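No lab work stands behind these numbers, since they all come straight from the coordinates. Values in this document were obtained by computation on a predicted structure and should not be read as measured data. Because the Cβ atoms are built from the backbone with ideal geometry, glycine has one as well, and the counts that use them run over all protein chains shown.
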Amino acid sequence: MHIVDGALAVPVLAVGAALTVAGVALGLKRMDYDHLPQVGVLSAAFFIASYIHLPIGFSSVHLILNGLIGLALGWAAFPALLVALFLQAVFFGFGGFLVLGVNAVNIALPAVMVYYLCGHGISASSPRVAAIWGAIGGAGSIVLTTIMVAFSLMLSGEAFLLAAKATFVAHIPVMIVEGGVTAAAVLLLRKVKPEFLHIKDETDYA
Amino acid sequence: MPQFLEHSGTSWKGQKVKHDRSLIDKLDPRLRVVLVTAFAFVTVLSENFWVLSIAALTGLVLALLAQLNVKRTLRRVIAMDMFMIFLIILLPFTTPGEALFTVAGLSASKAGFLHALMILLKAHAVVLSLLALVGTLSATTLGHAMAHLRVPDKLVHLLLFTVRYLDVIGQEYKRMRRAMQARAFVLRTDMHTWRSIGYLIGMLLVHSLERSERIMDAMKCRGYKGQFYLFDEMALGAHDYRFMALFIPFLCVLVGLNFL
């Protein structure tokens, strides 16, 4: 998912950085100090998820969780993911420094889109329907992210076309795993801590 | 699945990662962040092979100066290489141009090969300098340096909180995974695994959030009003000026080489 420094054309880098700055500004504005712990927890969760590997056939994939983060945070996903990516770049050498903007927008914009597309679905009264929307959110965010990664590569040069297509195919297993995991996580969070996903508890016994 | 595959080679060890004190550690954290940013700009925007080779060499020299742990650094550089390996291998074959060599009927072009080499040099130069100059800072110091550099307050707070929770969540995750292992849970490619891991993540988030809320309450109890006070005064010293006197002209030479 991370693109390294040096691969992308300068205009792509500039547009990515501009979009990230805008997204982060909006996210920070929507986030007050009382929400900082929640955003921090999810930012850390994204970081930790990158080293939870799940087997798929003979190989393994790691979780990305941007769908779940988007569902929980909305626009605040931008600062959360930027911080996590920054820490990964600085301390692990994942991705690069100047591509941080592009990487952040590629991962955070799908998260925000999932928030608007599936946010309503996961608060459906039937757990089955909610799980399906959770799966759509989890898998959908990976689909969107891969498409955006592929586009950033393609816009940087015709020669990257094959690599862009390969990226998409290579991430199909990730979409499946992420869909299943997000659906289960949504189901659990609905039951245990609905306010985490902005769901109003409707079982009113009063 | 074998145990070692469950985990990437890298994981967050928090502030426990030790490295030897080196020349680099004497430099002002703010200076390190600023210089690495400038260096990354010069490197990434350059298209000249001489400049890029020198930049990659500089990255290596900085890594040596910072006395980075060889094994750890190698593991990280290789992890980065895995991200771009497809790109690099495919590039010579997908760029049209004069053929350099052929593999199984596919011709690799010279232009594509040079392009791939250029990406390799840039990526390594930036990553090595980043790990050497900024990666050796403790995450908290990095946060404070960024606050001194006028990065928005909330973003710095978020960074500091995230660093704190990385330890919390990392430990919680290990604890819960061990509990699952004790109950003979094995990772497989099936719905049961995904559901269990999904529940694990959901529970992980709930536990961590509740813990973070308790931390927040405790902080408020002690008068936290949405502001951290930056105690460490950062001041440029003789070391910093000496380093700047070397590094800034060097960057200018690198920029100048592009136009020769």
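Data overview
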{"quantity": "Relative contact order for the stretch B:65-140, counting Cα pairs under 8 Å that sit 6 or more residues apart, in percent", "calculated": "30 percent"}
{"quantity": "0 to 90° range, to nearest 10: angle between helix A:77-87 axis and chain A longest Cα axis", "calculated": "50 degrees"}
{"quantity": "Test item: Cα-centred dipole of the stretch A:10-196, Lys/Arg +1 and Asp/Glu -1 on Cβ, debye", "calculated": "300 debye"}
{"quantity": "Value of relative contact order over chain B, rounded to a whole percent, pairs C-alpha under 8 Å and six or more apart", "calculated": "28 percent"}
{"quantity": "Low-density loop cleavage sites - trypsin sites (Lys or Arg not before Pro) in the stretch A:112-206, where at most 10 other Cβ are within 10 Å (DSSP)", "calculated": "A:K200"}
{"quantity": "For the stretch A:1-90: rounded, prolate or oblate by the Cα gyration tensor [a/c cutoff 1.5]", "calculated": "oblate"}
{"quantity": "Relative contact order computed over the stretch A:10-196 (Cα-Cα under 8 Å; 6+ residues apart), in percent", "calculated": "24 percent"}
{"quantity": "Sparsely packed chymotrypsin sites (Phe, Trp or Tyr not before Pro) within the stretch B:105-195, loop by DSSP, other Cβ within 10 Å at most 15", "calculated": "B:F185"}
{"quantity": "Cα→Cβ-extended label distance, 7 Å offset, between A:V169 and B:A99, nm", "calculated": "2.3 nm"}
{"quantity": "Projected label distance in nm at B:M82 and B:N258, using a 7 Å step from Cα toward the beta-carbon", "calculated": "3.3 nm"}
{"quantity": "q = 0.07, 0.13 Å⁻¹, chain B: log10 I(q)/I(0) [Debye, one scatterer per Cα]", "calculated": "-0.38, -1.07"}
{"quantity": "For chain A: span of alpha carbons on each principal axis (Å, largest first)", "calculated": "63, 42, 28"}
{"quantity": "Cα-based helix-to-principal-axis angle, A:172-192 vs chain A, degrees rounded to 10", "calculated": "30 degrees"}
{"quantity": "Whole-number Å³ per residue for the convex hull built on Cα positions in the stretch B:19-152", "calculated": "129 Å³"}
{"quantity": "Taking N as its residue count, the alpha carbon Rg of the stretch B:148-221 over 2.2 N^0.38 Å", "calculated": "1.45"}
{"quantity": "Residue exposure sequence - B:L31, B:L133 - by fewest surrounding Cβ within 10 Å", "calculated": "B:L31, B:L133"}
{"quantity": "For the stretch B:176-260, Kirkwood radius (reciprocal of mean inverse C-alpha pair distance, Å)", "calculated": "19.3 Å"}
{"quantity": "Estimated distance in nm for a label pair at B:A38 and B:A245, the labels positioned 7 Å out from Cα along Cα-to-Cβ", "calculated": "1.5 nm"}
{"quantity": "GluC sites (Glu not before Pro), loop per DSSP, at most 11 other Cβ atoms within 10 Å - longest free stretch of chain B", "calculated": "B:99-232"}
{"quantity": "Kirkwood hydrodynamic radius (C-alpha pairs) into Stokes-Einstein, the protein assembly as shown, 20 °C and 1.002 mPa s, D in µm²/s", "calculated": "92 µm²/s"}
{"quantity": "Positive-pole candidate from A:I142, A:V83, A:V102, dipole of chain A, charges at beta carbon", "calculated": "A:I142"}
{"quantity": "Two-site FRET efficiency, B:S138 against A:Y116, from Cβ-Cβ distance with R₀ of 35 Å, rounded to 0.05", "calculated": "0.40"}
